[in-house]
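Visitor: Structure incoming, see below.
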Amino acid sequence: HEEYKDRVLFIYRNFNLGQNTSTLSESGAEAAYLVGGEDKYWEMHDLIFSNEVCVEGNDRNLCQQSITDYAKQIGLDEAKFKTALNDFGSNGINDKIKRDKSLGVKAGVTATPSWIINGKTITGANKSNMKAAIDSALEATK
């Protein structure tokens, strides 16, 4: 993202694969956004996905406790965060998550992470594959 920031539009969408804890981890990141803004969203996102506690075993209680701990770790007000997390059905988070999933399904996404670069889908986190696809797309626009 940093390398191409002035030449590429990067849009991130949540895509729930159906694990028991997927919606909770997505709503945790969105709640962080509501309470602390975009920077806190990304901090929460990175903590959730780097630790993968919300994937292993799909333990919803452990996931919720971890997300709450992450909120404190990144400096969010715990009470406000818990309110946003628990009210995700009424504060628009759930609607955004459903919209993101719908857009992904329409685009043919079947796995995460998936990257769509000028209509070409790349699955996985292989940076060299992404870089080659971005470079190719940029070259095609010259």
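Visitor: Cβ-Cβ under 6 Å, sequence separation 6+ or interchain: first residue in region 99-123 and over 16 Å from Ala137 (Cα atoms), partner hydrophobic (A, V, I, L, M, F, W, C) and open to solvent by 50 Å² or more (accessible area, probe 1.4 Å). Which pairs?
Guide: Matching pairs, first to second residue: Ala107/Ile116; Pro113/Ala125.
Visitor: For residues that are over 14 Å from Ile11 (Cα atoms) and open to solvent by less than 80 Å² (accessible area, probe 1.4 Å), scanning just region 98-120, find the one that is modelled with the highest pLDDT.
Guide: Out of the qualifying residues, it is Ser102.
Visitor: Another one. Out of everything in region 65-81 that is part of a helix (DSSP H, G or I) and surrounded by fewer than 19 Cβ atoms within 10 Å (Cβ to Cβ), what residue ends up being modelled with the lowest pLDDT?
Guide: Gln65
Visitor: Just the residues that are more than 12 Å from the chain's Cα centre (by Cα) and open to solvent by less than 80 Å² (accessible area, probe 1.4 Å), please, taken from region 41-52.
Guide: Of everything in region 41-52, just one residue is more than 12 Å from the chain's Cα centre (by Cα) and open to solvent by less than 80 Å² (accessible area, probe 1.4 Å), namely Asn51.
Visitor: A further question on this structure: What are the residue pairs meeting all of these: first residue in region 35-62, first residue over 22 Å from Gly92 (Cα atoms), second residue polar (S, T, N, Q) and modelled with pLDDT under 90, Cβ atoms under 6 Å, and 6 or more apart or on different chains?
Guide: Pairs that qualify, where the first residue is over 22 Å from Gly92 (Cα atoms) and the partner is polar (S, T, N, Q) and modelled with pLDDT under 90, are Val53/Ser66; Asn58/Gln19; Asn58/Asn20; Asn58/Thr21.
The values are calculated or read from the model by the stated rules, or taken from the named source; none is laboratory data. Note that the structure is predicted; figures quoted are calculated from it, not measured. Neighbour counts are summed over all protein chains in view; Cβ atoms, including those assigned to glycine, are modelled from backbone coordinates with ideal geometry. Please note that ligands, DNA and RNA were not included when accessible areas were found on the heavy atoms of the full protein model with its side chains. Shrake-Rupley method; radii C 1.70, N 1.55, O 1.52, S 1.80 Å.
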